[in-house]
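First the structure, in the form of structure tokens, and then the observations on it.
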Amino acid sequence: MSNPILSQAQVRGESPIGKVRAERFTGSFSQAKRKRLAEMLPRPPLQRAVEIEQRTVIVHVRTINPLNDKECWQAQAKRAKKERDLTYVFLSRARPLPELPWDVTLFRIGSNKRAMDETEGLRASMKHIADEIAACAGRDDNDKAAFSWHYDQRYAAKTNVVQVTIRTRQPAAADKGE
């Protein structure tokens, strides 16, 4: 029996429009184009939405420390838009996302052998990615009740990606008793 809502390709987990190559996208999108692209990307069947407690997404972006970089405000704005657009594209492919509150881990894998300062530089380099993750959830990124942010990094030759892991935060032991 066929599902009237989902096509056969979607039921099998395939994209109805063929292989989507969002992994290699390096440009930027307008807001309307972002929504159209998100609608075209394959999504898991709706029946599995309740079971998902974790999503991992690889965002192909080279992060730089804006605190040490001397670039024009226009270049900064262009880079910020590109990082947000790429994060939006890859998060759209990971839908449905888990229920809030989230533990979000941003893991930078970069080709620079010198590690960024973990207290300030690493967080600043992934600010736009974190902002877009929070925007996809419909919240502000400094909402402590909704998000717990964790940052880490490691070196890998010829690789510039950020691995985003979104996990449903488990309630504390004190919250369970009330």
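Values quoted throughout were computed directly from the atomic coordinates according to the rules given, and no laboratory measurement underlies them. Remember, it's a predicted structure, so these values are computed and weren't measured experimentally. When we count neighbours, we look across all protein chains shown, and the Cβ atoms used for this are built from the backbone with ideal geometry, even at glycine.
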Exposure proxy check: Trp102, Trp149, Trp73 ranked by fewest other beta carbons within 10 Å? Trp73, Trp149, Trp102
Going by C-beta contacts inside 10 Å, put Val57, Val162, Val104 in order with the fewest on the left. Val57, Val104, Val162
From the square roots a ≥ b ≥ c of the eigenvalues of the alpha-carbon gyration tensor of the range 113-167, which class results: rounded (a/c under 1.5), prolate (a/b over b/c), or oblate? prolate
Local electrostatic count, Ala130, Cβ distance below 11 Å [Lys/Arg +1, Asp/Glu -1]: -2
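How high is the FRET efficiency between Gln76 and Glu53 when r is their beta carbon distance and R₀ equals 41 Å, given to the nearest 0.05? Walk me through the numbers before you get to the answer.
Details: r = 36 Å, r/R0 = 0.87.
That gives a FRET efficiency of 0.70.
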Using only the alpha-carbon atoms of the range 62-162, report the extent along each of the three principal axes, biggest first, to the nearest angstrom. 36, 29, 25
In which sequence would Met126, Met116 go, from the one with the fewest C-beta neighbours within 10 Å to the one with the most? Met116, Met126
